[in-house]
Amino acid sequence: MTASFVYDALRTPFGKYGKAMAGVRPDDLAAHVMSAIVERQPDLDPERIDDIVFGNANGAGEDNRNVARMGALLAGFPTSTPGVTVNRLCGSGVETVIQGSRAIEAGDATLVLAGGVESMSRAPWVVPKPDRAYPAGNATMISTTLGWRLVNPRMPEQWTIPLGQTAEILAERFAISREEQDAFALRSHQNAARAFAEGAYAAEIIAVPGVDLDRDEGIRDDTSMVALAKLKPAFLANGSVTAGNSSPLNDGASAVLLGAENALPGAQPLARITGRGVAGNDPDVFGIAPVEAANRALARAGRTWSDVDLVELNEAYAAQSIACMRLWPELDPQKVNVDGGAIAIGHPLGASGGRIVGHLAHALAARGGGIGVAAICIGVGQGLAVVLEA
């Protein structure tokens, strides 16, 4: 088997729900990052890309079911370039890296374009088909922006609670205070603001044509513990999970160029993919599934937490992220999300996995090498992780 590498990674800034990028279709966002990453490799002919694997958690609207193929066509790629869209909800972008690297290591591909896209602003409402023809009554539209919809009545009720309530369960189970969650959220904003100011994202952020946005729209340079403390609980009247210590709704796209060794002569890979892991647990505590996924990925890479230099852990909720770190006692928390996380940066579902893998690869390369873990929790009780070495 050959090795698989991350050759390049980029993404759009992440826009806030209904704000700067709400007017851009998801297939256009996908096409933009696809074109941009190829243009950054002067010796790469799009015809050499064996497959495009893109993540998307919606698919019900302008994503048009297979946004990987739609984006490639809009980007002007040859019609011979195939594309498949995968949906592992929040983990879809990491799933594309896992699938693409497997194909390369198995010899089925030499170059794979991975990544993902989501426009949560443009997610449509859906109307269920009626049980009988020509109903006379009204129909209810259901939002596809986030969370459970059209739930099977046979599904256990405790599994179908709102995602924020699962964070409340973890906060109680692990005795995570409101102050601890707010401090974690503040660190996310402070780290992200500093990272942009210092140019830590310069190699991976590309502007969207017609959108006046050069960094992630949700970063709050001016937030504070006082400001965060004023926010009311969002899910339980006496709870501790707020909009301030949760990831927001966002729009954006990411792309990760994967290849075999020497797939791009003259190009230096950012990092090698050395381990992958997937795990599942109860849906009502979905936020800690990355724990076992990362443990498995590290074991497959022949590494332990003491070997790890950097971690990109997608911050669905502060409570969820803190719970994961408590279950990794060997991990120094200061190695986690050193350039900010999803609470500040944003979480456009299908694009987030490409963001955390891509930034981890750039960050490891910028520091001259090291070992990193990218891990993400997934609604309904799953987790994914990959190990990178540079």
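The values are calculated or read from the model by the stated rules, or taken from the named source; none is laboratory data. Values in this document were obtained by computation on a predicted structure and should not be read as measured data. Cβ: placed from backbone, ideal geometry, glycine included. Neighbour counts: every protein chain shown. Protein only, heavy atoms only, side chains kept; ligands, DNA and RNA dropped before computing areas. Shrake-Rupley method; radii C 1.70, N 1.55, O 1.52, S 1.80 Å.
For the range 223-235, check the following and say yes or no: at least one residue is on the phi > 0 side of the Ramachandran plot and without any contact (Cβ under 8 Å) to a residue 12 or more places away in the chain. There is no residue in the range 223-235 that is on the phi > 0 side of the Ramachandran plot and without any contact (Cβ under 8 Å) to a residue 12 or more places away in the chain.
Let's see how each residue does on (1) under 17 Å from Asp214 (Cα atoms); (2) assigned to a loop (DSSP other than H, G, I, E, B):
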site	(1), (2)
Val6	no, no
Ala20	yes, yes
Ser35	no, no
Ala57	no, yes
Gly61	no, yes
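The requirement of being buried (at least 20 other Cβ atoms within 10 Å of the Cβ), at pLDDT 95 or above, of a type outside the set (D, E, K, R) and within 16 Å of Cys90 (Cβ to Cβ) is fulfilled somewhere in the range 265-277, by at least one residue. Which pairs turn up if I take residues in the range 153-180 that are under 15 Å from Leu236 (Cβ atoms) and surrounded by fewer than 15 Cβ atoms within 10 Å (Cβ to Cβ) and look for partners that are at pLDDT 95 or above and not aromatic (Phe, Trp, Tyr) with beta carbon separation below 6 Å, at least 6 apart in sequence or on another chain? If the second residue must be at pLDDT 95 or above and not aromatic (Phe, Trp, Tyr), the pairs left are Gln158/Asp284.
Of the residues Ala319, Ala361, Ala351, the single one that is within 21 Å of Asp182 (Cβ to Cβ), of a type in the set (Gly, Ala, Ser), part of a helix (DSSP H, G or I) and open to solvent by less than 10 Å² (accessible area, probe 1.4 Å) is Ala319. When the range 333-345 is limited to residues that are in contact (Cβ under 8 Å) with a residue 60 or more places away in the chain, of a type outside the set (S, T, N, Q) and touching a Leu at 6+ places or on another chain (Cβ under 8 Å), the one that is most open to solvent (accessible area, probe 1.4 Å) turns out to be Val338.
Within the range 227-248, at least one residue is surrounded by 17 or more Cβ atoms within 10 Å (Cβ to Cβ), part of a loop (DSSP other than H, G, I, E, B) and β-branched (Val, Ile, Thr).
Could you check, for the range 286-299, whether at least one of its residues is open to solvent by less than 60 Å² (accessible area, probe 1.4 Å), more than 30 Å from Tyr17 (Cα to Cα) and more than 18 Å from the chain's Cα centre (by Cα)? Yes, some residue in the range 286-299 is open to solvent by less than 60 Å² (accessible area, probe 1.4 Å), more than 30 Å from Tyr17 (Cα to Cα) and more than 18 Å from the chain's Cα centre (by Cα). Residues that are part of a loop (DSSP other than H, G, I, E, B) and closer than 21 Å to Pro348 by Cα within the range 126-159 comprise Thr144, Thr145, Leu146, Gly147, Trp148, Arg149, listed in sequence order. When Pro46 is tested against (1) touching a helix residue (DSSP H, G or I) at 6+ places or on another chain (Cβ under 9 Å); (2) crowded, with 24+ Cβ neighbours inside 10 Å, only condition (2) is not met.
Filtering the range 59-73 to residues that are in contact (Cβ under 8 Å) with a residue 60 or more places away in the chain and of a type in the set (Gly, Ala, Ser) leaves Ala60, Gly61.
If I ask for residues that are part of a helix (DSSP H, G or I), open to solvent by 20 Å² or more (accessible area, probe 1.4 Å) and of a type in the set (A, V, I, L, M), which ones from the range 77-114 would you list? Within the range 77-114, Leu89, Ala103 qualify. When Asp222 is tested against (1) open to solvent by less than 70 Å² (accessible area, probe 1.4 Å); (2) more than 24 Å from Asp108 (Cβ to Cβ), exactly one condition is not met: (1).
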